[in-house]
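This report concerns only the one structure given below.
The values are calculated or read from the model by the stated rules, or taken from the named source; none is laboratory data. Just so it is clear, the model here is predicted, and its values are computed rather than measured. Here Cβ is always computed from backbone atoms with ideal geometry, including for glycine, and neighbour counts include all displayed protein chains. Ligands, DNA and RNA are stripped out before the accessible areas are found, and what is left, the full protein with its side chains, is counted by its heavy atoms. Shrake-Rupley method; radii C 1.70, N 1.55, O 1.52, S 1.80 Å.
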Amino acid sequence: MSAANKADKPAAAQAMPSGTTSGTPQLLLGHHLKQLKLPTILREYDKVAREAAREGIDHAAYLLRLVELELIDRERRVVERRIRQARFPAVKSLDTFDFTAIPSLNKMLVLELARCEYILRRDNIIALGNSGTGKTHIGLSLGLAACQKGFSVAFTTAAGLVHQLMEARDERRLLKLQRDLAGVKLLIIDELGYVPLSTTGAELLFEVFSQRYERGSTIVTSNLPFEEWTSVFGAERLTGALLDRLTHHVHILSMNGESYRLAQSTRRRKHSGAGADDQSANEIVDPQTGEITPK
Ligand code: ADP
Ligand code: MG
């Protein structure tokens, strides 16, 4: 663009005559942008061109605006893909977590962990506590934070993981699964301890911890204190070796307290004004969410 041009008219108004956004060039541009995988530029270039003309910004600023839009969208798409690949049963974040409901939990530590620096150090996290105290919620929130910070994440339950491992072994693709599990930056194993494991199951799970040791971070949630882990893994020696690896660099989240679900449904019932017994006759409490709906 010449300096003379700039003098009389806004640059973009001359630079982008409306004719360039229709006809063959537009078709070709659409084709090329698709091939270059620039869907946001394809979607936005015409609209942004009109804005650029209105505001009188030049070619470079127009292009910059488009490229920035593409970058922002691309980052969002990458995070979304990571979230899908993590296979979270639900997407939950710390924004919806009420720390006052669980005083035993170290809020500062959780907020620090949400910054994900522990993943760079390959530290582990173990959340221990009775049922309904938000362990899964915290696991999901830390998983989401890791996806947003650019780490690969996989979420599974202990029983689900053992099932997957056994199936992979039977189908002779155990090595591939083990490699995938070892490669993920953050592996979240929920609900260790709800179901006792078979000897093979315990060994396969031990292998996973072993292969991840000092290579990637693992979050484990469990309703059982460490002393009772032997009852899940069967063998004392195996449990010892596993705890050794898992707890070498570990942050413990102690989450013993009142069940949030139970507390919520009780609180709602109290707030409803009527006597609890009378009221409960007219409502259904969802055991998963604590949600109360009238009958
Ligand atoms: P746990 O895994 O310890 O059994 P969950 O994380 O499944 O408990 O929590 C049960 C339900 O209560 C979930 O819907 C969860 O989102 C909610 N919940 C638990 N604790 C809290 C909390 N402190 N603040 C907000 N929601 C919570
Ligand atoms: Mg849970």
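Computed extension gain for residue 72 through residue 120, at 0.36 nm per residue and net of the alpha carbon distance, reaches 14.9 nm.
Our estimate of slack between residue 111 and residue 55, defined as 0.36 nm per intervening residue step minus the Cα-Cα distance, is 15.9 nm. Heavy-atom accessible surface of the range 174-264, averaged per residue, reaches 48 Å², computed with a 1.4 Å probe. With contacts taken as Cα pairs under 8 Å and at least 6 residues apart, the range 25-84 reaches a relative contact order of 33 percent. Positive end of the dipole of the range 202-247 (Cβ unit charges, origin at the Cα centre): among 239, 219, 229, the Cα lying farthest that way belongs to 219.
Here the range 156-205 is assigned +1 on the Cβ of each Lys and Arg and -1 on the Cβ of each Asp and Glu. Its dipole about the Cα centre then comes out at about 280 debye. Relative to one another, the C-alpha centroids of the range 121-141 and the range 52-89 are positioned 33 Å apart.
When the trypsin sites (Lys or Arg not before Pro) in the range 107-198 are filtered for DSSP coil states and for at most 15 other beta-carbon atoms within 10 Å of their beta-carbon, the remaining sites are 115, 172, 173.
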